[in-house]
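Okay, so here's the structure we're looking at.
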Amino acid sequence: MCPSTPAGNATVFLGMITPAGRVAYVTPALPAEVAVAAATSDAPVEARYRLAGPCVTSQCGFWTGDHCGLGERLVASYAQTVGEPEVELPRCAIRRTCRWFAEQGPAACAACAHVVTDAR
C-alpha cells in the first residue's frame, strides 16, 4: 500500500491533517470514501486527509524501478532535519502492507506522520 495516495486511487482513509501539519492516524482502517464524503470545502481532499491505496509501482513518478523513491527521500530528509526517529511508532492501519515501512523500516513511520499531500 502507498501511504500517500491521491483521492482518485485511494482505498483507505489513513488519517486527518492536524493544524500543526501532522497526521492524526485513524485506526482501525476506514474506507477512503469516508474522507471523500466528509470533504465539504473547495480545498483538495488530500490537503486535509491522508489517504492510502495500492502502490502503482511503475505508473508512479516516484518509482525508481525497484523501490519507492519518495519513501526513501522522506526518510533521508527527516533524518537530516530531525535526527533520530521517535521510538514509539504511531498506530497505523496499513503498516503491515505499507510500501514505505517494508522498504525503509520504522524510520518511515516517523517521516510519514509529517507528510501532507496537497493535490492541487
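Residue pairs whose Cβ atoms lie under 7 Å apart, separated by 6 or more positions or on different chains, with the first residue in region 90-105 and touching a residue at least 12 places away in the same chain (Cβ under 8 Å) and the second surrounded by 15 or more Cβ atoms within 10 Å (Cβ to Cβ) and among the acidic types (Asp, Glu), are Gln104/Glu72. Listed conditions (1) exposed (fewer than 15 other Cβ atoms within 10 Å of the Cβ); (2) among the small types (Gly, Ala, Ser); (3) under 19 Å from Pro6 (Cα atoms) are all met by Gly105, apart from (3).
Since every read-out is calculated from the coordinates, none of them should be taken as a lab result. Since the model is a prediction, treat every value here as computed from it, not as a measurement. Here Cβ is always computed from backbone atoms with ideal geometry, including for glycine, and neighbour counts include all displayed protein chains.
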